[in-house]
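As structure tokens, the structure follows; a few thoughts come after it.
The values are calculated or read from the model by the stated rules, or taken from the named source; none is laboratory data. Worth saying up front: this structure is predicted, and the values here are computed from it rather than measured. Heads up, the Cβs are rebuilt from the backbone with ideal geometry, glycines too, and the neighbour counts pull from every protein chain shown. The accessibility values were calculated without ligands, DNA or RNA, using every heavy atom of the protein model including side chains. Shrake-Rupley method; radii C 1.70, N 1.55, O 1.52, S 1.80 Å.
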Amino acid sequence: MNVTIDQNSGYCFGVEFAIQMAEDELEEVAELYCLGDIVHNRMEVERLYNKGLRIIDRAQLQELHDCKVLIRAHGEPPETYQTALENNLELIDASCPVVLKLQNRVKHAYDSTKAINGQVVLYGQQGHAEVIGLAGQTGNEAIVITTEEDLDQLDFTRPITLFSQTTKSTKGFYKMKELIEQRVAVAKASGVEVIDLDANDSICRQVSNREPQLEKFAQLHDVVVFVSGKKSSNGKALYAVCQRVNPQSYFIENETELDRSWFANATSVGICGATSTPMWLMQQVADAIQAQQPVAV
């Protein structure tokens, strides 16, 4: 059985940068605080914990004083930086440049549309770290939408500026854009003067380009094993791509979740993962399959 790891899978630039910053700092100190999971992958979080990285939440941040705190790639809202000033915290800011640029765009849109009673709308996952940071640029007035039902929160007679969480599906974003345009058209047809939707495709191209690459990869193999943390929004989106083109695709967090029966008639197995999946973990899964010693669920 031939087992191949997708060389286009694995960390995006932002995640790789944040982890490298954490490891560099941990060479100088025994422990380092990180606000939230540095990456949505339990295995990597455990590896870095063993090196001294300690995960804290926002409530715990309020209690810290005179120490260093790492800001992960997802970015943070303005209040986090205010807390750092008040508590004399040194922030090691590993926010992804793509996310920081988007935060600035969202803030500009919010400031410039307030005068015309506009709405800033974020296509993303409610409660996701990146979305919290983006919504923070609007004083948490941005409306977060994930499904068609969430569109009921919008007033289609008022201006709408739409952005996307950087790791969402491109197809999902354009579907949501189309649905909003349809509702805006209905509002116009009723005789109300409506400003057209201002839609901004803010999905990271390093992420979105993986979808067509992954489609090709999944079609090449009898079985696809997708490795990702269960919290990863990007992981869920990319796994859906695999499943769509290859029904023999399986989602696992690590090699202990492998099932022998998946490979019964397979001659070719592809291993791939999310932008938050480390290459060492995919190699670990590949080794377990090649050794024919997967642990059955």
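Which one of Leu238, Leu179, Leu134 has the biggest mean-square fluctuation once the chain is modelled by GNM with Cα springs under 10 Å?
Highest fluctuation among the options: Leu179.
With each pseudo-label sitting 7 Å past Cα toward Cβ, what's the Asp24-Asp150 distance in nm, one decimal?
My value for the distance between the label points is 3.4 nm.
What is the extension gain from Lys230 to Asn117, computed as 0.36 nm multiplied by their sequence separation minus the C-alpha to C-alpha distance, in nm to one decimal?
36.9 nm
Return the percentage of antiparallel bridges among DSSP beta bridges fully within the chain, rounded to the nearest 5 %.
0
Kindly state, to the nearest 0.05, the FRET efficiency for Asn140 paired with Lys51, given R0 = 30 Å and r defined as their beta-carbon distance.
My answer for the efficiency is 0.30.
Do you know the Lys pair count in the chain for C-alpha distances under 14 Å, with sequence separation 8 or more or different chains?
Counting lysine pairs in the chain gives 4.
What is the magnitude of the charge dipole of region 153-297 about its Cα centre, with +1 placed on the Cβ of each Lys and Arg, -1 on the Cβ of each Asp and Glu, and no other charges, expressed in debye to the nearest 20?
Dipole size: approximately 160 debye.
Based solely on its DSSP helices, what 222 nm [θ] is calculated for the chain when runs of n ≥ 4 H residues each add -39,500 (n - 2.57) and the sum is averaged over all residues, nearest 500 deg cm²/dmol?
Helix-only estimate at 222 nm: -12500 deg cm²/dmol.
Once you sort the root eigenvalues of the Cα gyration tensor of the chain as a ≥ b ≥ c, which label holds: rounded (a/c under 1.5), prolate (a/b larger than b/c) or oblate (the other case)?
It comes out oblate by the Cα gyration axes.
Would you be so kind as to identify which of Ile145, Ser261, Thr161 lies farthest towards the positive end of the dipole of region 142-275, taking Lys and Arg as +1 and Asp and Glu as -1 on Cβ and the Cα centre as origin?
Ser261
Of Glu28, Glu178, Glu253, which is the most mobile in a GNM of the chain whose springs link Cα atoms less than 10 angstrom apart?
Comparing Glu28, Glu178, Glu253 in the GNM, the peak value goes to Glu28.
Rounded, prolate or oblate for region 1-160? Axes are the square roots of the Cα gyration tensor eigenvalues, ordered a ≥ b ≥ c, and the cut-off for rounded is a/c under 1.5.
Taking the square roots of the gyration eigenvalues as a ≥ b ≥ c, region 1-160 is oblate.
About the Cα centre of the chain, how large is the charge dipole given +1 on each Lys and Arg Cβ and -1 on each Asp and Glu Cβ? Please answer in debye to the nearest 20.
Dipole magnitude for the chain comes out near 840 debye.
Considering the chain as a Gaussian network with a 10 Å cut-off on Cα pairs, which listed residue, Gly229, Gly139, Gly273, attains the greatest mean-square fluctuation?
Gly139
Would you work out what percent of the accessible area of region 48-102, with all protein chains in place, is carbon or sulfur (probe 1.4 Å)?
Reported share for carbon and sulfur atoms: 51 percent.
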